[in-house]
1. Could you grab me the full set of residues in the stretch A:409-428 that are under 21 Å from A:Ala35 (Cα atoms), outside any loop (DSSP other than H, G, I, E, B) and either within 8 Å of chain B (Cβ to nearest Cβ) or without any contact (Cβ under 8 Å) to a residue 40 or more places away in the chain (or both)?
2. Any idea how many residues of the stretch B:236-295 are within 14 Å of another protein chain (Cβ to nearest Cβ), surrounded by 13 or more Cβ atoms within 10 Å (Cβ to Cβ) and not in a helix (DSSP H, G or I)?
3. Can you name every residue in the stretch A:194-246 that is open to solvent by less than 10 Å² (accessible area, probe 1.4 Å), within 14 Å of chain B (Cβ to nearest Cβ) and farther than 22 Å from A:Ser49 by Cβ?
4. Could you list all residues from the stretch A:344-386 that are open to solvent by less than 50 Å² (accessible area, probe 1.4 Å), more than 25 Å from A:Leu415 (Cβ to Cβ) and of a type outside the set (Gly, Ala, Ser)?
5. Identify all residues within the stretch B:168-193 that are away from every other protein chain (no Cβ under 12 Å) and touching a residue at least 12 places away in the same chain (Cβ under 8 Å); write none if there are none.
6. From the list A:Glu269, A:Glu289, pick out the single residue that is under 26 Å from A:Glu336 (Cα atoms) and not aromatic (Phe, Trp, Tyr).
7. If we keep just the residues of the stretch A:441-465 that are within 9 Å of chain B (Cβ to nearest Cβ) and among the aromatic types (Phe, Trp, Tyr), which is surrounded by the fewest Cβ atoms within 10 Å (Cβ to Cβ)?
8. On the given criteria, is B:Glu467 on the phi < 0 side of the Ramachandran plot, under 32 Å from the mean Cα position of the chain (by Cα) and surrounded by 13 or more Cβ atoms within 10 Å (Cβ to Cβ)?
Amino acid sequence: MAQQTLSSAMPPTDIYGGDEVSALVLDPGYCQTRAGFAGEEMPKQVIPSFYGHIDGRDIFGDEVILPRANFEVRNYMNRDSVVEDWDGATKIWEHLLCKRLQPERPTPPSKNGLNIGDGDGDGDVSMEDASGGGAENSVGDLEKPLAENPVLMTEAPWNSAKAREKAIEICMESWGCPAFWLSRTPVLAAFAAGKATALVVDVGGANTSVTAIHDGTVLKRSIQRSPIGGLWLSNQIRSMWETSDPRVDLVPTFMVENKKPVEAGAPAEARLRNFPFPIAPSFRAFEEERVLTEFKESVVEVWRGPGRFQPNEDYAKSQPGRVFEMPDGSNQMWREQRYRVSEGMWDDTVAFDQHEGRVAKSQTIPGLIKAALDGVDVDLRPNLVGNIVVTGSTSLLNGFNDRLNQELTNMYPGLKIKIHAAGLTSERRFGAWIGGSILASLGTFHQMWISRKEYDENGAGIVEKRCK
Amino acid sequence: MTSHDLRDVLNLPSDHSSTPRPSKKQRTGPGRPNLKGLAREVQNLGGDNPIAIVPEVAVFKKRRVISRKPAARWELRPFTNSARGDGGALVLRHWRRKTDHDAPPDAMEEDGEPGPVENAADGERQVENSTIKTEDSTFAKFNVDISIPQYNDDQYRANLERSDWSKEETDYLLELVQDYDLRWPIIWDRYDYSPQTFPVNGEAVNGDSTAVVPVKGEQRSMEALKARYYEVATVMMSVQKPAQYMTGPEFQLYETMMKFDPLQEEARKEFALNTMARSKEEAREEESLLLEMKRILARTERFKEERRELYQRLDYPSTDVDINTYKTSTGLQSLLQNLMNVDKTKKRKSIMAPGEGVSPGTAVPPTAVSEAGPNRRESIAATGPSHRESISGTPVTPAEPTPKDTKKKGAAPAERRKLSEQEEQVYGVTHHDRLGSGPTFRYEKINKLYSHKSGQQQLRITNALGELDIPARLAMPTAAVTGQFEVLWSAVTALVDLRKVSDRLDADVKVEEHKKAERDRARGITNGGGDASSKDKSVRKDGAGLNGSAEKSDERRTESGMAETKPETRPRSQRSQHNDLQNGDGGIAAAEPKPGSGGPGEGANVDGAPAEVKEGPGAGEREKLGPRPSSSGAHKRSASVLSTISDKSAKRQKK
């Protein structure tokens, strides 16, 4: 009853402070790009940031990445999560925001082919007329597909000024957004956790970053990042498979035509598919990544103590293992190895050397946290350590939070340590997007937007001035 | 079978006539519901003892009230946000319930005041939008801005020039402060000032600029930034409004900013850093040490408490005293007498002395007790503790009637809550050594002061007070006023006493001079000069004066070496000599020069300190003069100086 009266009356601004203006939130990352409407709790669309390039045109979405001839998989970002390929970025973002989030626009009547007959016989002329007359409209429509929606975009905290200006340029010029805002992912992740001051530990796909947020602002001197993310972990697994005896072959799923069940440790009995065209290595790598992701999700675990992994390896061997079946049917029990692959995140000496797997001590997660805290004022440190927000998909590894807590307790024995990690998988994966959704739907945020007028007056440089 | 049947079988009287439980029946009677049909039959099976059937009340969810009104209409309504400060250029749209066209102004007003400026700004848009006004966002009011100090070039040059801060950098700092709303961690984090003038200097001053750049380039600490900002803020605050005109909160802010001490802040941060860096063991050790300290403190507290209790107990009169003394009427009489004595003199402690005899309380010199007014209090206070010790040390004699009120006084406060000093002031609680029985007026206390003085002295004191425009009877004798008055009074008394002494000294000097003149005359030595007084008088003592004829000429000669004021003082000093004889107690020789301005209270109070210092030499002089009239000239001179001063003051008093 009460809910009904609430929803039918004015939205309860006094409680939530929300005021929806149908803003869109776009959260691009190296592995995935997320987009949705502000005020919702999950992004409506999540697609890989990898896109297909076939015969000179680009296709987007997870479902189109299939084995085809002349097919190549590209990513519009570099491993630092900074956009490199702006053409691809514009296209994929437009695909998300305009195609996937908006309803299909009806073709203008002049072009839908139904009205051809009403000319007086001279089809060509009327066609030209129609297209000529409709050109302005359609061009206007096409050029301003988001004229109604403010857009909030996220960026890595180390994003370059050039990339930021480019982002606002695309939004304002190509899409005609009425307003725009650029926000850094750790800030939004902290907002998603309900905190304005936090130490954000973001363990994502391509990077791991530790950033201190004070009152909703990134403290620049605290920004620390390292490559130990999901892809680094995949490479650790590759290294482990390559060095293990017998060697484990990584055969992606699309290669397998059929398979037979085999005993654990026995060689696979599977027939592989043959393609009449060469498979691009980028596509194969993308598919291999799927297998590795599955392995990470189901097998890999973080050693949560006692102590570190290395002195306790024998003890780890006695822990129950997990069986993983490869796409080709071969399967194996993984015991201490499943701790070993993730140990490099914490202990630089244990990591596998191949694939640039070994990072410096300061690049491990404890090292990052220490460096980040050293970069902020001493008065803030206790508060930050008491508000640690863990986000990012790779932080979903089993035992991650336990280990983090243990490491922090060793580092800062005198301080009160509190880790805030969302319990829901999706909240951990889309932390930054959710924070953006909250921010863009706040009534008090409307005064922050960079409006079209401000952009026209000041040019793209305004983003540096405003989105600090 | 019902109870009815049972009663029948047992031949008990029927229920209706049963008297023991009528009330119960009355109670149950009306409570039974009026049932119908089968339910009533079932109920009746129970007879008088109704079967406990919980009636089932079928309550279903209420039917939803479906309003016949058409569904509410919502519209995408444009709005602006005046907090943006861009004149309503950004028009966003949100869903709002559509109101009737009669009512829109109301709805808008309750939403927030429609900003007239914005409306004017995009007037064309309004016309297009079919006269729908754009409303202002409800959230605009949450926008707050801090105000930072403003200065112009002249003000900067006049007040804010510092060697280590250029104006550009100060501007930059204030800009950051404005941007980040005084959040210092962020300001420090983003502080990245690079002086732009550097390339302009060119190569000619290259060496110079490189010397400057590292200084500028090095990161300023947060404390340095804060210190500079607070400096600018305080200076500009006082420039705009001098400190004495500031309101309370303004001044408080001003003071807080003034007191900012970057060094202390840095030291504090270093401490914090060390605290954070300590290991778990250290932390634990510190914690245990703290705990230990707390325990020790608690133990000492308890120990003190116990000790006090013990003392109290020792203060009690022993209960096994022989009360036989009081059984006779004479014994009782003497006890009464004793008690009355206690009441009369109100000297709780010292009155016990005669009864005790052996107590060191008697060792208190009687002179101290009989001393003049103001010192009396102290002397009593001084005797107090010594006596207490004696009691704890010596067995208490049965005749001692004292400690009845002592124990009451001692026991009661232990239970009471201790008032803080501030509370005591608020409630007007004061502590006294002893209190008379019954209420007294404060001015009586002052009257009492006078009662110990002779009439002459009283008159003088009154004169002195009159000169200071202080009424003899205070108009508003509050505690503070009375206290100040006492201080003043004691100062005046001291002054009067001093004068008395000086007068006497004068007289002595004169007598000696007479004697000397006599002697000189007798010997016939007539060598003049001011050094006569410096010669040893004991040498000439043998020829103690006989001839008094040449008195006058010699007197004049000796006085030429002294102060010129002497002659005029003579008559009065003679009179004061008479006074001395009259009340010739061994009065204190507290020498005090006349308080310069003759101001009330405080002036006298300040001068009280030197008075005490001078007491020693004054007394010594008197002693020397007393038994040995032949004193050295130096003493004489100092005494005469004193006397002249006091004579002056006396003269002023007379005026």
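The values are calculated or read from the model by the stated rules, or taken from the named source; none is laboratory data. What you are looking at is a predicted structure, and each value in this text was computed from that prediction instead of being measured. Positions of Cβ are generated from backbone atoms using ideal geometry, with glycine treated the same way; all protein chains shown enter the neighbour counts. For the accessible areas, the whole protein counts, side chains as well, though only heavy atoms, and no ligand, DNA or RNA atoms are used. Shrake-Rupley method; radii C 1.70, N 1.55, O 1.52, S 1.80 Å.
1. Initial filter on the stretch A:409-428 (under 21 Å from A:Ala35 (Cα atoms)): A:422, A:424-428.
Now narrow it down to the ones that are outside any loop (DSSP other than H, G, I, E, B): A:425-428.
If the condition is that a residue be under 21 Å from A:Ala35 (Cα atoms), outside any loop (DSSP other than H, G, I, E, B) and either within 8 Å of chain B (Cβ to nearest Cβ) or without any contact (Cβ under 8 Å) to a residue 40 or more places away in the chain (or both), then A:Thr425, A:Arg428 are the ones that fit.
2. Selection size over the stretch B:236-295: 1.
3. Scanning the stretch A:194-246 gives A:Ala198, A:Leu199, A:Ala212, A:Ile213, A:Val218, A:Leu219, A:Ser222.
4. A:Val350, A:Phe352, A:Val359
5. Step one: list which residues in the stretch B:168-193 are away from every other protein chain (no Cβ under 12 Å), which gives B:168-174, B:177-178, B:193.
The answer is B:Glu168, B:Glu169, B:Thr170, B:Tyr172, B:Leu173, B:Leu174, B:Val177, B:Gln178, B:Tyr193.
6. On the way: A:Glu269 fails: under 26 Å from A:Glu336 (Cα atoms).
When all the criteria are applied, what remains is A:Glu289.
7. So, considering only residues that are within 9 Å of chain B (Cβ to nearest Cβ) and among the aromatic types (Phe, Trp, Tyr), the one surrounded by the fewest Cβ atoms within 10 Å (Cβ to Cβ) is A:Phe445.
8. Numbers: on the phi < 0 side of the Ramachandran plot: yes; under 32 Å from the mean Cα position of the chain (by Cα): no; surrounded by 13 or more Cβ atoms within 10 Å (Cβ to Cβ): yes.
Spelling it out, it is not the case that B:Glu467 is on the phi < 0 side of the Ramachandran plot, under 32 Å from the mean Cα position of the chain (by Cα) and surrounded by 13 or more Cβ atoms within 10 Å (Cβ to Cβ).
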